[in-house]
1. Answer with yes or no whether A:ASP92 is within 23 Å of A:ILE209 (Cβ to Cβ), in contact with a helix residue (DSSP H, G or I) (Cβ under 6 Å, 6 or more places away or on another chain) and not hydrophobic (A, V, I, L, M, F, W, C).
2. Take B:TYR210 and decide whether it is open to solvent by 70 Å² or more (accessible area, probe 1.4 Å) and over 27 Å from the mean Cα position of the chain (by Cα).
3. Within the range B:31-40, does at least one residue satisfy the condition of being crowded, with 22+ Cβ neighbours inside 10 Å and touching a Cys at 6+ places or on another chain (Cβ under 7 Å)?
4. Would you check which residues across the range B:187-199 are open to solvent by less than 10 Å² (accessible area, probe 1.4 Å) and within 11 Å of another protein chain (Cβ to nearest Cβ) and list them?
5. Which of the residues that make up the range B:213-227 are in a helix (DSSP H, G or I), surrounded by fewer than 16 Cβ atoms within 10 Å (Cβ to Cβ) and within 14 Å of chain A (Cβ to nearest Cβ)?
6. Take the residues of the range B:360-388 that are β-branched (Val, Ile, Thr) and either in contact with a helix residue (DSSP H, G or I) (Cβ under 7 Å, 6 or more places away or on another chain) or part of a loop (DSSP other than H, G, I, E, B) (or both): which is surrounded by the fewest Cβ atoms within 10 Å (Cβ to Cβ)?
7. Given (1) away from every other protein chain (no Cβ under 14 Å); (2) open to solvent by 10 Å² or more (accessible area, probe 1.4 Å); (3) small (Gly, Ala, Ser), identify the lone condition not met by B:ALA149.
Amino acid sequence: MKFFGRGHGACPGCGLTTAVRNVLNALDGRCFVANSTGCLEIISSQYGKNAWGVPYIHSLFDNTAAVACGISEALKALKREEEGKVVVLAGDGATADIGLTLHGMFDRNHDVIYICLDNEAYQNTGHQQSGLTPFGESTTTTPAGKLILGKMGRKKDMVAIAIAHGSPYVATSSAVLPADIRRKVKKAAGIEGAKYIQIHCPCVTGWGIDGKDVVKVGNLAIETALYPIVEFENGKLISVRKIKDRKPVEEYLKPQRRFRHLFTDPRGKEVIAEIQRIADRNAEKYGLDLKKE
Amino acid sequence: MMKVVRGFYSVAHAVKLCKPNVICAYPITPQTEIVENLAEMYANGELENCRYITAESEFAAASILVGASATGARTFTATCSQGLILMSEVLFNAAGMRLPIVIANPNRAISAPLSIWNDLQDSMALRDAGIIQLYVENNQEAHDAIPQAYKIAEDQRVLLPFMVCMDGFKLTHAYEPIDLLDQSVVDNFLPPFKPKAYMTTKKPLAFGCYAPPHVYMEFRVAMQNAMDRAKDLMEKVFREWTEVSGRNWGGHLEVIYPDSKLFVVAMGSIVGLLRKVVEDLRREGINLGLVKLRTFRPFPVEELRSYLGDAEKIIVLDRSISLGYEGNLSIELKSALYGFSAEIISMILGLGGRDLSKEFLENLIRNAIAGKEASGFKGAKDFEEVIP
Amino acid sequence: MKMRLNLGAISEPLQSEKLKTGDWGTEWAFVDKEKCTACKICEQFCPDGCIEVKEFEKEKFAVVDYQYCKGCGVCASVCPKEAIRMEIKELFKLEVC
């Protein structure tokens, strides 16, 4: 039995579906999926064209964590917990912006694996900025113009927020690290409580990259320290993905249309320098650089 | 067992007897004590196979119940006013997903200005959601309504959320002697919730799929069909309830003095007072009848037409308004009685807990019958509008 | 025949498989079975689940399901043996006059 069928409507090269297939495989399909409105929902759950091979529910954009809590509690009340784990699959906007039922889930520590599929903007509606859009990105609601060079706010630190809530397991991963996704989801499944895993998912249309470059660009986010791959258990950092030779952020930014303005506008240099500082801080905060012997 | 309890407890006790699996709510006056009572029962281990969850908002509470109901759990929440409005996105969704969530709504006014006091504006705002709405007159009726609500909502021919509306403060806070049902009565009346389709790994269905234009409309037709079927089923369940409990609350309507030519129409606790008003006015020689509307959605058009078809004058007591038009119940009644010749006088009164005395109502109705009282707000002071 | 409508827009599992997405892309992936070591990396990455390592009588190698392949090129980009190449479909090979 497949857990996520072919024939879904994702763009060619979509990072979301790679991540989702690996999440479901890690749980061997023994799970209940609660999905927020967004890319994943639209490509997979049209009436009569459902791609899911696991029990699935989509309610609204803003309530997915709460819906998952309801499933989890109903399984307990009905003594059906053995059937499987409850998994949220929500986008970055649904997680960091509109979906604030997340904090109730953490607060009451329901047994849910919350997975944020982070493609760094509202890609389904055509690339608008979300709380997880990084600094300097040009989106349709934070466009690069004569005065302002894209989003001038920072990317919300959902990892820190999840840890501050006392989540027993918090991790980041990337669609370009399928084995890492599977390991972390399996680990989360073995821990009771509200877990949070944020998966960086390259978006061909929103980021303006070719399908063939998805994996390269996804890896560059990790290799520049702009997307630290970390793992926390009970608030303690237990693993990080070390970087051998950290690359300058330009290498990551340049191939993507969403950052193109930083290379055409003379003031882009300052923005790039700030993005480099963000990467440097990430590397220092999590100890990402592999020390040379 | 007859016991003097508050309105809150009459609801909470009935909910307990219905053996819900997931209860989830957020505090709001004048609802809170309903779920406080349930929380106490939960803390004392009186609720078996049940999880009681303290949500972080009404929005979350309703959402949690969407997940729970889709997983096959019998669910309950209570809310009102701002809480109901905050829930509204989820409740529209729950109705479309055909989830039989039962909601107790102690009616309260809507902000601004903030008011914790009673009128019917909150539930009226959810009129179009696809939720069955039943309005009760007293706390015994509220108590009896809960098992009936589950039976109707969970019926495969219906599968829609059910809202039991009771006047906030006027009923919730009032002590009344209530015949608290025995567990065996409810067990015999209400079968366990066994939905045909629910979330399970044994048969992995997808809930809440989206519908493109070629099929969306059919789902709305199906909801309307369910409302139509609910209308018939409710009558049947009401009758069955009378047999089980010995109490007859009428059908969608209760009509007192149906042979009258003049009628007062109202919903909720105000009917209790109107019974006396009508008796006294009849003693004065006024040929007046009373219609207590119990079911607001589905709206009992045929019943209203059959009772009020020959009426000459109908006085509607509205405790909510569709701003820019008129009282909500009047709008519905005028539409239901289209083609008949009765004069319908719409009186909007009692908003935000404004007290309604017997003398006030008697005078209004007497004057309206004498042709000296037109439609409009009743009991509002004169004022001059200023911007400070 | 009357259309059947699942109340609440509930859908049966895996219905998407009847939608063949193989005509979406301009390219297709081709596996060089001599080079392929059946390491399954492409299988883990394919966003559409349409490349799979299959066992034949004597050999094991990745096979593309052209009914679904959208031609994104992710498999080709992750293959450590460069055993997958992307080829433009005949339809899109336009001659410039």
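The values are calculated or read from the model by the stated rules, or taken from the named source; none is laboratory data. These numbers come from a predicted model, not from an experiment. With ideal geometry, Cβ positions are generated from the backbone for all residues, glycine too; neighbour counts draw on all protein chains shown. SASA here: full protein model, heavy atoms, side chains in, ligands and nucleic acids out. Shrake-Rupley method; radii C 1.70, N 1.55, O 1.52, S 1.80 Å.
1. Details: within 23 Å of A:ILE209 (Cβ to Cβ): yes; in contact with a helix residue (DSSP H, G or I) (Cβ under 6 Å, 6 or more places away or on another chain): no; not hydrophobic (A, V, I, L, M, F, W, C): yes.
Answer is no for this residue.
2. On the way: open to solvent by 70 Å² or more (accessible area, probe 1.4 Å): no; over 27 Å from the mean Cα position of the chain (by Cα): yes.
Against the criterion (open to solvent by 70 Å² or more (accessible area, probe 1.4 Å) and over 27 Å from the mean Cα position of the chain (by Cα)), B:TYR210 does not qualify.
3. Yes, the range B:31-40 has at least one match.
4. If we filter the range B:187-199 for residues that are open to solvent by less than 10 Å² (accessible area, probe 1.4 Å), which is where we start, we get B:189, B:199.
Passing the criteria: only B:MET199.
5. Going residue by residue through the range B:213-227, those that are in a helix (DSSP H, G or I) are B:216-227.
Filter again for surrounded by fewer than 16 Cβ atoms within 10 Å (Cβ to Cβ), leaving B:216-218, B:220-221, B:224-225.
Once the filter is applied, which keeps residues that are in a helix (DSSP H, G or I), surrounded by fewer than 16 Cβ atoms within 10 Å (Cβ to Cβ) and within 14 Å of chain A (Cβ to nearest Cβ), the range B:213-227 yields B:TYR216, B:MET217, B:GLU218, B:ARG220.
6. Filtering the range B:360-388 down to residues β-branched (Val, Ile, Thr) leaves B:365, B:369, B:386-387.
Of the ones still in play, those that are also either in contact with a helix residue (DSSP H, G or I) (Cβ under 7 Å, 6 or more places away or on another chain) or part of a loop (DSSP other than H, G, I, E, B) (or both) are B:365, B:386-387.
Values: B:ILE365: 23, B:VAL386: 5, B:ILE387: 3.
My answer is B:ILE387.
7. With respect to (1) away from every other protein chain (no Cβ under 14 Å); (2) open to solvent by 10 Å² or more (accessible area, probe 1.4 Å); (3) small (Gly, Ala, Ser), B:ALA149 is out only on (2).
Yes/no matrix, rows are residues, columns are (1) within 14 Å of chain A (Cβ to nearest Cβ); (2) modelled with pLDDT under 95; (3) farther than 19 Å from B:TYR9 by Cα:
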{"residue": "B:GLY130", "(1), (2), (3)": "no, no, yes"}
{"residue": "B:GLN140", "(1), (2), (3)": "no, no, no"}
{"residue": "B:GLN156", "(1), (2), (3)": "no, no, yes"}
{"residue": "B:VAL185", "(1), (2), (3)": "no, no, no"}
{"residue": "B:PHE207", "(1), (2), (3)": "yes, no, yes"}
